Every structure is written in structure tokens, then in C-alpha cells.
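J.: Before I ask anything, here is the structure I am working with.
The values are calculated or read from the model by the stated rules, or taken from the named source; none is laboratory data. Bear in mind that the values here come from a model prediction, so they are computed numbers and not experimental data. Every residue, glycine among them, receives a Cβ derived from its backbone with ideal geometry; neighbour counts consider all protein chains shown. Heavy atoms of the whole protein, side chains included, go into the accessibility calculation; ligands, DNA and RNA do not. Shrake-Rupley method; radii C 1.70, N 1.55, O 1.52, S 1.80 Å.
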Amino acid sequence: MSYDLLVSISPLAKHCPAIVGAIEFDDLTPLKGISERHRCWLFDRLLNYYEDQSFTIAELHKAVDIIDSAILAEHGEPERRILYKISAIFSMAIRKNLPVHGVAD
């Protein structure tokens, strides 16, 4: 099971979303640990992978600040790996001026 992260104006196929990454099953344990140490809306939404999520451009700008702070605070390799992955996806979406959609598959 994975939670695909798409960059597009919408997650609908007619808008040709680009699947730029995924939160895999192995990422859930480190992400849960991060969420417990850094309680905030971002990690709660990323862990709610049974429901599709959409992150607006305004939310992405707030999210990268949260992720940057978490990267500086986390020392474990699995935790940093998932944070770097999410940071790269969100940063790309900001540069493209497009939202990110999390879609459960």
C-alpha cells in the first residue's frame, strides 16, 4: 500500500497529474514518530492516508517551514529520509505553483 503524492491542479486523470512520490508502508513508522514529537496539522494529515488530501499552495508554504524545523530536530536516518522526500515534493510543487494531492491507492 502506498499514498501517492501528485502535483497538479487536481488529482483527476483529465488534469494529467504527475505522481512525484509516495509515502510507502515502510515510511509510516518513522512518520508516526515524527508526528508524535512534532504535533501539528501537517503530519496528522499525512498520516491520514485512508482519505485523499489536498494541500494548497498557501499550506505548502507553511508545511515546508514545519518540515525544515523537523529536519533540524530529527537525527534518525529513516525520519530524515521521509522528511527529505516530502520536502522535495512540496518544494517542487511550490516552484511549479501547483497544489499537492495525496491519493490512497
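J.: Which pairs turn up if I take residues in the stretch 93-105 that are under 9 Å from Q53 (Cβ atoms) and look for partners that are open to solvent by 50 Å² or more (accessible area, probe 1.4 Å) and not in a loop (DSSP other than H, G, I, E, B) with beta carbon separation below 6 Å, at least 6 apart in sequence or on another chain?
T.: H101/S54
J.: Given the residues D52, D27, D68, D44, which is the only one that is open to solvent by 50 Å² or more (accessible area, probe 1.4 Å), under 14 Å from G102 (Cβ atoms), in contact with a helix residue (DSSP H, G or I) (Cβ under 8 Å, 6 or more places away or on another chain) and not small (G, A, S)?
T.: Details: D52 fails: in contact with a helix residue (DSSP H, G or I) (Cβ under 8 Å, 6 or more places away or on another chain); D27 fails: open to solvent by 50 Å² or more (accessible area, probe 1.4 Å); D68 fails: under 14 Å from G102 (Cβ atoms).
On inspection, the qualifying residue turns out to be D44.
J.: Does any residue in the stretch 48-66 that is under 13 Å from D105 (Cβ atoms) come within less than 8 Å, Cβ to Cβ, of a residue that is open to solvent by 50 Å² or more (accessible area, probe 1.4 Å) and hydroxyl-bearing (S, T, Y) six or more places away or on a different chain, and which pairs are these?
T.: Taking only residues 6 or more apart or on different chains, not a single pair turns up.
J.: Taking the stretch 29-41, which residues are over 12 Å from the mean Cα position of the chain (by Cα) and of a type in the set (A, V, I, L, M, F, W, C)? Steps first, please.
T.: Within the stretch 29-41, the subset over 12 Å from the mean Cα position of the chain (by Cα) is 29-30, 32-40.
I34, C40, listed by residue number.
J.: Here is a further query. Please tell me if L83 is within 16 Å of S10 (Cβ to Cβ), open to solvent by less than 50 Å² (accessible area, probe 1.4 Å) and out of contact with any Leu (no Cβ under 6 Å at 6 or more places or on another chain).
T.: Working: within 16 Å of S10 (Cβ to Cβ): no; open to solvent by less than 50 Å² (accessible area, probe 1.4 Å): yes; out of contact with any Leu (no Cβ under 6 Å at 6 or more places or on another chain): yes.
No; evaluated as a whole, the condition is false for this residue.
J.: A22 passes all but one of (1) touching a residue at least 24 places away in the same chain (Cβ under 8 Å); (2) not in a helix (DSSP H, G or I); which number fails?
T.: Just one mismatch for A22, condition (1).
J.: From the list A18, A13, pick out the single residue that is of a type in the set (A, V, I, L, M), open to solvent by 60 Å² or more (accessible area, probe 1.4 Å) and at pLDDT below 95. Walk me through it before giving the result.
T.: Details: A18 fails: open to solvent by 60 Å² or more (accessible area, probe 1.4 Å).
Within the list A18, A13, the selection yields A13.
J.: For the condition surrounded by fewer than 18 Cβ atoms within 10 Å (Cβ to Cβ) and among the small types (G, A, S), what is the one hit in A93, A58? Quick ask: steps written out before the conclusion?
T.: Working: A93 fails: surrounded by fewer than 18 Cβ atoms within 10 Å (Cβ to Cβ).
Checking each option against the conditions leaves just A58.
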